[in-house]
Structure formats: C-alpha cells, structure tokens
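Student: Mind looking over this structure? Questions follow.
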Amino acid sequence: MKRFAALFNAIDQSTKTTVKVAALAEYFQEAPEEDRIWTIAIFSGRRPKRAVNTTRLREWGAEVAGIPLWLFEEAYPIVGDLAETIALVLPPPSTETDHGLTHWINALRDLSQVEEPERKTFVLDAWASLDPTQRFLFNKLLTGGFRIGVSQKLMTRALARATGKDEAEMAHRLMGDWDPATTTWSHLILEDDPAAHASRPYPFYLAYALEDEPENLGEPNDWQAEWKWDGIRGQLILRDGDHFVWSRGEELMTDRFPELARARDFIPDGTVLDGELLAWGEDAPQNFNALQKRIGRKTVPKKLLTEAPVILYAYDLLEWEGKDLRQTPLRERRATLETLCKSLPDDAPVKLSPTVGFESWNALAQTRATARDAQAEGLMLKRMDSPYLTGRKKGDWWKWKLDPLTIDAVMIYAQSGHGRRANLFTDFTFAVWNGNDLVPFTKAYSGLTDEEFRKITAWVKKNTQQRFGPVRQVTPHHVFEIAFEGIQASTRHKSGVALRFPRMSRWRHDKPVQEANSLDDLNEMLKIYG
Amino acid sequence: MSGALTFTPAGIYCPAGDFYIDPWKPVSRALITHGHADHARWGMESYLATDIAAPVMRHRLGDVSIETIGYGQRLQIGGATVSFHPAGHVPGSAQIRVEVAGEVWVASGDYKVVDDGLSTPFEPVKCHHFITESTFGLPVFRWQDQAVIAAQINEWWAGCASAGKTAFLGCYALGKAQRLMSMLNPEIGPILTHTAIENTNAVMRAQGVSLPDTIQASADFDHKAHSGGLVLAPPSALGSAWARKFGPQENAFASGWMALRGIRRRRAGDRGFVISDHADWSGLLSAITDTGAENIYVTHGYTEIFTRYLNDQGWNAQVLQTEFGGEDAEDEAA
C-alpha cells in the first residue's frame, strides 16, 4: 500500500494537473497490474463495498486512541471525514507491513465472511501496522466511502501516456460495467476484443454554459438549437440482440427503465442513441417530479409505469449499422437519426427530440424565454458540422439556460461542511416571512466564494443563539438571494414548497432582514411556475 | 469568581495588584505574555513583559512604555507577587504566575511544551488555578518531532530547487518564521524573506537571537541571482504580484492546521507542513497535569469540548470567554 499511498499523496498534495498526470502515469507503468486495475476502479468511483459498519469503527477507533466516544464524535465533524478522524486519533504504528493495494482489498472482501471479534482483530492489527496516510486510505476502503476522485480527463491522459495509446480510446475503455475483481489490465486497457464490449457506452460529450452573447457564435445557419430537457442524460445501446441503458454518471440503468426494452422491436442492432430519459405525458414531457419517482427504484410497480412511463428523447446518433459515427458531422448524424425516428410507431419508447427553428439570434432569445412552458430548462446550441467529442470540450456544444428564479431569504440555521469545507459553516437553512414568523423553506450549500464562507463562519460563531448538535441557530440578520431552477408543491416541507437546485446567488448586504421575501411571494411563484 | 485573578470585560484582572493580563481594552497597567497581536494590544498606559519579548513589542506597538522583567524574577505589585516563566511559544513568551495570600494562579497565554530550539523551553509552574489555551484541544492534533518536519521541508525545498522552482513557505511572521529558518538546511540554497518577516528578524538579531543568514526580497530584488531559494512569507503574500515575480514556484504552508486535509485542500497550496507553536492534544494535557492545578480555565480554541473532557477526567474546568485566538482556523497560520 506504500506505493498507492505515495500516489495518493502526490495527487492530493498538488494543485497542478501536470504533476498529477505524471504521478499517475508512472504508477500505471510501475505498480503491479492488479493494483493498477484497482486504482482505476477506486479513482473512478467503482469502490469496494463497506466491510465494517461505521458505528463499530468509531467505537474501535476511540477505544484504541484511549478517548471517550463522545470526544471522538465531537472531533469527527470538525475533521469532516470519518476515515481521517480515525487515522488522526490513533497512536503511531507499532509495527510495519508492506502489502499491496490488492492484498488489502481482498482481505477486506473476505472480512465480511467472518465473525465480529475476528473482524475487530484484523482492523486493529492493520491500524497498528500502517502509517497515517496508509491508515487513512485503509479506512477509506473499509468504509466504502472512497470519493477521492480523479477526473476522467486526468486518468485517461495518464493511461494514454503510460500505454502510448489514444486518450479517446482510453476513455471509451474505462466506460461501462467492468468488475475490478475479475478484469485484468491487459483485458481492460490493452487487448482488442470487440465482442466483450457490447455493453460499453461511448463517453458523453458535455456542453459548457454559454456565457457570451450568442451573436459571438457566428452565423445562425451554422447552428442547431434544441430544447434543453430536465431529465437524465442517457445512452441507449442496441448490440448483439441485447440493449443497455447508461446514465451520464456511468450507471447501468437498463433494469430501471424496462419500457426501453421494446426499442429492440423497432430499432436494428448496432445502434447507439444519445438523448434524455424523461417521463412522458400525453404528447409532451412531464416535469422532473414525475421522473424523480422513478429514480432510485430498481423495480417499478405497474401503477408507476402507467403514471410516469419513461422514454428516451433522442438527439444524437453515435453508432449506426455497427459503425462509430462520432466523427461524422452533426448535420449528417441528425439526418440519419430523423429518418430512423420517423420509422418508429407512436408508442415506441424512443422519440425524436425536435430541433427549434430560428432565423436570428434575437428570435431564438425570445423562444428561449418560453422554455418553462415547454418543460425545458433552456436551449442547447450545437454546431452543425461538429463531430461528437469526448468529455467537456469548449466550442461546439453550448447550453443556454434560462435565468434562474430568485427569492431573497433570511439565514436562520448554519452547519459546518465536510471535506474541503470542514471547519467552515457552509450549509445553511433559509426562511421567508409569514407575518412576524420566519418559515424555513430551503437549504443551500453553494454559490459563495471561500472568502465569503470564511466571513460568514466568523459571523456564525459570534451570533449563535442555540445549538442542536452540529446545527447552530443564528440571529436572523443576513439576507441571501437564493436562485433555483424550479418550484413544486411539497407536503414534506413546512413551507409547502420544494425548490430544484437552490443555491446562494448573492449575499444581499444591502437588504435589511425585514425586506426579505414572504411565504406569499413563494406561493405566488408556485402558482406561476409550479 | 473571586480570588487572585478575576475575569472582567476588559480582560483577566488582579484586584490585589490592580493590573490586567493580556487585556483587550485599554487599561492603566497590562502584563503581557507575548507579542502576538491578540495578546499585546495597543493603547495600554503601561506594559510589563519579559526582556526578550519587549523589543518585538516595541517594534509592533511603537513608542509605548514597556517595563521588562527576566524569567523567574519576582516582583511585588500591590498585594500580588508576580513572576514570568517560559511558555515556549515564541522567543520571550511567558506564563504569568500571580500569587496573592498563598493562592497561586498561572495565566499561560499561548504555549507549547516541546523545545523548538529558539524559544526558552516551556517550564511547568505549580499552581492552584491554571488558565490555558486550547487552540488544538482535540485528540486529532498530534505533532511529530521537529526533526521529522525539518526533513520533510528540506526534501521539498531540494525538490523545488532541482526543478528550477522557487519554494514559497507561508508562515506567521513572529516566531514561526524564525523557528522554520533554524530548521532549514542552508546548503540547499539561499533563504529569502518577505519584508514583514525580515523586519522581525532584524529586531531579534539586534537583541542577540542567533538566526541563519537571510536575504530580504525587496522591490528591487534580483530574482535570477537567487535561484533555488526558499522564500518565507506571510500566507497572504503567497500568489501575490510580488510572489509571481519569482517565476516558477511551489507554495507550501507551515501550520498546525495543515494536519486536517480539508483545510490543507482549501488552502490549495502544493504542500502543507504540520508544525505549530501551540501545544497539541497531549501537550495540553501534560502541561495541565504538571501544574498540579485543580481549577482550569480554558480560554481560546476548542474551549467547550476541551473543558468537557477535563471535567470528565476529574478537573474542575470552565470555559472563559476571551478575545484571544487571532490564530484560529480562519487565520490558519498557527
């Protein structure tokens, strides 16, 4: 694990991409092949299952450190990470071992088979033999909470450098449903074996937000506009008589959306579609709330299948007749996609996401303003002659979203963050006026700069009225503009509303607390946009 | 609370001697533990501090009236017997012992119990009532030996130098900077300083503190002539226009807060070295134990948690609201 710890330190300590890529590339050349595979898996979020429950870990950690459990529990939110808290409170190691990463992962897998006393002995022995960084990593593996991600870009660049292969190919190889326990380095990275990769999706092309005026994109004729849907970005693969549904987060969702199986009846093998998974109404998409009921459900009751049937609203064709179309210009991909979709019956689970016609950027801006009526978040702009690129690349695809809705709210509770934001108050609850009362209606965590978080943290410390565990009630004083993408009625919230993607868009230093918005204002928004 | 020391809105007060210790409001007589800004404030009619702490205080506070006293020397102030004892925090820092009618109090200001090779080492003082800080009063803070940290810093510096980069080390200008200097291996390259740090160096050298050679990187500095150097600078100067003139560089911070990965990442430096002029968890506990005191007053830091732990362990501890702690996690230089 020393080598893995050294790699982790190199990545964790540096802010420079070149240093991280170099460290990874070196590791991918020198580490044992099985460790390489696990490293790719861990850094891309394919983490092993939790081997020991965290309650036991806290107890054992406190016990070995010789401190009362309450003290451990107080320190944990300040450190902001359980694995790190344990690593820090333990006494220095008394022995030394040098097992590799794979050894530890296998040992942890076997741990679930044994009784608790044996499990405890194993964990305590490991703690006694690992230095603080290795201990931290061991705890991360143990808790199954390994979220020390390395971006896909960094990883593929490092793999390309280590193997001399193409970056895009590496990105493609890492996609999909491979199991680090059974995959070999040679199989995943080196060998050419198309049959084994029927289910493998293409890396998604991701758009940047349009910040400039659209006029700067050039001639409207060169661009295609589509609605930007508020669903789940997905890829539907039809190969070898089978079908696969992937989310953008590389999650295989085939079983969650059984309606898509019927696509096989109408669409030939050797087809890959990119589009939005949406709950479909009579002849238009339903709002995100409808889809939300389906997310997270592995099996779907019949009633829900009729209430919120899911379709793929297709907007791109990545593979056709078994051929990778990604280098073909969008104009041609779109033409083939349209022909394909026209041939589908009305009740097919795949539909064509229409383009939005426009003569001028001005006219398109007016259309964009009506996006909410179309159940859309705004527009997508795509260059007609662009290939389908890998990852987030500037230039050919832009999202041109609607301006968010906003409301001015009063901060009433604060809680400290985790990880990078440990020790800072970053999680806040906001309220609006209802007569003389403040009614909480949303939480928000993001939108402020580090400097603003530091300021508000100092203020919270001095203006705490009451503590409820990690939560502090503060003097109602600060007003923040809360931006959000949508508003829905909700029985789970005291205020009766739930917001979509709330965040702090501005700290309204200029607004006295009395001038924050009211529950009536929120209800008015619910009427218009809900 | 009654006794030799009491706690007032202006600060810790001794009625028998009519003086304050590290007050945060202007008073007629202030006894000062050390020269950091949250302990030695401007506006007192008269100051009393150790002879080693006084020069830096004069440098920082300007033309003020400072009486000095040596470590261990006894002074009668009204009905109180007062003496200053090494706190090991920075050069000249003191714990102030106050005895009135047989009752002994010690106000320790900021302290660390390990010898940093620069400050007079911490000396335990027996007392009945002990006033302690708790900046790092959590069991997650555990410092490594200074030699281990020195090796880490020198290795990093040598790596920067061989890659043609300037190494920037962000640290507190008074105490930490000078301690770090004495840990550096001058064979690697020149030690360069930001003006704020060099000013403090000059004061300390003038009073006879032995520091390694340094070169001030002022406005007309020739960057090319000093390649492979390590620059000591206040954290706020890292990444500034002044710093960018040095060309390719790596940034590191030296502070006890660097023990926490979240803070390290928020700082977004290339490295974080865990070294503090405050006591770690076990340092706090051993210092408190060694005083033999039954009554403990916890000033700044993780006061509530630390106090609860002390009470759990049988001490009679309470939290004291003070205005100390300019060096807490927000400042991150401690």
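Student: Please go through segment A:75-98 and pick out each residue that is within 7 Å of chain B (Cβ to nearest Cβ) and assigned to a helix (DSSP H, G or I).
Tutor: The answer is A:A75, A:I78, A:V79, A:E84, A:T85, A:L88, A:V89.
Student: Look through segment B:274-297, keep the residues that are within 14 Å of chain A (Cβ to nearest Cβ) and aliphatic (A, V, I, L, M), and return whichever of them is surrounded by the most Cβ atoms within 10 Å (Cβ to Cβ).
Tutor: B:L284
Rundown of residues vs (1) of a type in the set (K, R); (2) without any contact (Cβ under 8 Å) to a residue 60 or more places away in the chain; (3) surrounded by fewer than 17 Cβ atoms within 10 Å (Cβ to Cβ), yes/no style:
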{"position": "A:L448", "(1), (2), (3)": "no, yes, no"}
{"position": "A:W459", "(1), (2), (3)": "no, yes, no"}
{"position": "A:R472", "(1), (2), (3)": "yes, yes, no"}
{"position": "A:T491", "(1), (2), (3)": "no, yes, yes"}
{"position": "A:M504", "(1), (2), (3)": "no, no, no"}
{"position": "A:S518", "(1), (2), (3)": "no, no, yes"}
{"position": "A:M525", "(1), (2), (3)": "no, no, no"}
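Student: How many of the residues in segment A:43-74 are over 32 Å from the mean Cα position of the chain (by Cα) and either surrounded by fewer than 17 Cβ atoms within 10 Å (Cβ to Cβ) or away from chain B (no Cβ under 12 Å) (or both)?
Tutor: 7
Student: Another question about this same structure. Please give the number of the condition B:T166 fails out of (1) buried (at least 24 other Cβ atoms within 10 Å of the Cβ); (2) within 17 Å of the chain's Cα centre (by Cα); (3) closer than 22 Å to B:L230 by Cβ; (4) not aliphatic (A, V, I, L, M).
Tutor: Checking B:T166 against (1) buried (at least 24 other Cβ atoms within 10 Å of the Cβ); (2) within 17 Å of the chain's Cα centre (by Cα); (3) closer than 22 Å to B:L230 by Cβ; (4) not aliphatic (A, V, I, L, M), the one that fails is (2).
Student: Could you please give the count of residues in segment A:502-530 that are farther than 24 Å from A:H477 by Cα and touching an Asp or Glu at 6+ places or on another chain (Cβ under 6 Å)?
Tutor: Of the residues in segment A:502-530, 0 are farther than 24 Å from A:H477 by Cα and touching an Asp or Glu at 6+ places or on another chain (Cβ under 6 Å).
Student: Checking the structure you have, find out if any residue of segment A:225-232 is surrounded by fewer than 19 Cβ atoms within 10 Å (Cβ to Cβ) and not assigned by TED's automatic domain parsing to the domain that holds A:A489.
Tutor: No, the conditions are met nowhere in segment A:225-232.
Student: Here's another thing I want to ask about it. Return only the number of the condition from (1) in a loop (DSSP other than H, G, I, E, B); (2) among the polar types (S, T, N, Q); (3) closer than 18 Å to A:L325 by Cβ that A:Q235 does not satisfy.
Tutor: Failed condition: (1).
Student: Restricted to segment A:1-42, and to residues that are closer than 22 Å to A:K165 by Cα, among the small types (G, A, S) and within 14 Å of another protein chain (Cβ to nearest Cβ), which residue is surrounded by the fewest Cβ atoms within 10 Å (Cβ to Cβ)?
Tutor: If we take residues in segment A:1-42 being closer than 22 Å to A:K165 by Cα, among the small types (G, A, S) and within 14 Å of another protein chain (Cβ to nearest Cβ), then A:A22 is surrounded by the fewest Cβ atoms within 10 Å (Cβ to Cβ).
Student: Something else: May I ask you to say which residue of B:G70, B:G79 is surrounded by fewer than 19 Cβ atoms within 10 Å (Cβ to Cβ), farther than 30 Å from B:N251 by Cβ and under 20 Å from the mean Cα position of the chain (by Cα)?
Tutor: B:G70
Student: Keeping to segment A:394-426, report how many residues are away from every other protein chain (no Cβ under 14 Å), of a type outside the set (G, A, S) and over 30 Å from A:Q224 (Cα atoms).
Tutor: So the answer is 7.
Student: For a quick check of your reading: which strands (runs of 3 or more DSSP E) sit entirely within segment A:392-456 and have at least 1 residues that are more than 15 Å from A:V474 (Cβ to Cβ) and basic (K, R)?
Tutor: A:397-401
Student: Which of the helices (runs of 4 or more DSSP H) contained wholly in segment B:220-317 include at least 2 residues that are within 20 Å of B:L169 (Cβ to Cβ)?
Tutor: Answer list for segment B:220-317: B:241-244, B:261-267.
Student: For segment B:123-136, enumerate the residues that are assigned to a loop (DSSP other than H, G, I, E, B), within 19 Å of B:G72 (Cα to Cα) and touching a helix residue (DSSP H, G or I) at 6+ places or on another chain (Cβ under 7 Å).
Tutor: Matches in segment B:123-136: B:P124, B:V125, B:K126, B:C127.
The values are calculated or read from the model by the stated rules, or taken from the named source; none is laboratory data. Keep in mind that what you see is a predicted model, and the values were worked out from it rather than measured. FYI the Cβ positions are ideal-geometry reconstructions off the backbone, even for glycines, and counts take in every protein chain you see.
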